[in-house]
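The values are calculated or read from the model by the stated rules, or taken from the named source; none is laboratory data. Bear in mind the structure is a predicted one, so any value in this text is a computation, not a measurement. Cβ sites come from the backbone with ideal geometry, for glycine too, and all protein chains shown count toward neighbours. Accessible surface areas use protein heavy atoms only, side chains included; no ligands, DNA or RNA. Shrake-Rupley method; radii C 1.70, N 1.55, O 1.52, S 1.80 Å.
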Amino acid sequence: DGGITQSPKYLFRKEGQNVTLSCEQNLNHDAMYWYRQDPGQGLRLIYYSQIVNDFQKGDIAEGYSVSREKKESFPLTVTSAQKNPTAFYLCASSISGGQTQYFGPGTRLLVL
Amino acid sequence: AQKVTQAQTEISVVEKEDVTLDCVYETRDTTYYLFWYKQPPSGELVFLIRRNSFDEQNEISGRYSWNFQKSTSSFNFTITASQVVDSAVYFCALSEVTDTGRRALTFGSGTRLQVQP
């Protein structure tokens, strides 16, 4: 089945720790995205990538980093510089930029 | 100013009632796209519909229908004969070219729909 997978489903971060969220897609999509969702709010764009080895900051990139070494994978690292990381993180992909985005099941990040 | 406004924070209906979720958007683009997504309690966003700015025809898919009116910058979503399984948060989103030249998806804050049995 084609789709987007995210792991883990729940992630706990300690103070000063970097954590990495995984996002993999087998839809052969060129573009991938990371969003953050806070309770009762819509989604905000963290980073996006339109092609392998290229990515751009979104609206709230501070404290986050990404890489796009493979078309299928777009991991997100939440660094210790992100002071309020508790949120629901959603990964999405699309055929190309601007086309319909399809979402993964999400990762919930909690701070210990 | 918000680019996508979903003024209804939460709506509660009884099963079999019809319900309309409102979405008002703001853009300077002449070419843009509008979307509706459903977010059930599991959290994953499910794509429902995409509409481009040149196509103002209303769309019906089973119990779902969408009314796009450029004159009022609205893209409303109606569920006919609602069911308990329709309970979810529904997001309206706008895809437009930003000042930096990229095409971005902007989400409204969502409307939580609760369908009571």
Wholly enclosed strands (runs of 3 or more DSSP E) of the stretch B:1-47 bearing at least 3 residues buried (at least 17 other Cβ atoms within 10 Å of the Cβ): B:33-39
What pairs can you find where one residue is in the stretch B:38-61 and away from every other protein chain (no Cβ under 11 Å), the other is open to solvent by 70 Å² or more (accessible area, probe 1.4 Å) and not in a strand (DSSP E or B), and their Cβ atoms are less than 8 Å apart, with a gap of 6+ or different chains? B:Ser53/B:Thr30; B:Ser53/B:Lys70; B:Glu56/B:Lys70
Could you tell me which numbered condition A:Gly16 fails, if it satisfies all but one of (1) open to solvent by less than 30 Å² (accessible area, probe 1.4 Å); (2) over 25 Å from B:Tyr33 (Cα atoms)? (1)
Quick one: which residue in A:Arg108, A:Arg36 is within 10 Å of another protein chain (Cβ to nearest Cβ) and basic (Lys, Arg)? A:Arg108
When every residue in the stretch A:48-103 that is among the aromatic types (Phe, Trp, Tyr) and more than 12 Å from every other protein chain (Cβ to nearest Cβ) is compared, the one surrounded by the fewest Cβ atoms within 10 Å (Cβ to Cβ) is A:Tyr64
Go through (1) among the polar types (S, T, N, Q); (2) surrounded by fewer than 17 Cβ atoms within 10 Å (Cβ to Cβ); (3) touching a Gly at 6+ places or on another chain (Cβ under 8 Å) for B:Thr72 and report which single condition fails. (3)
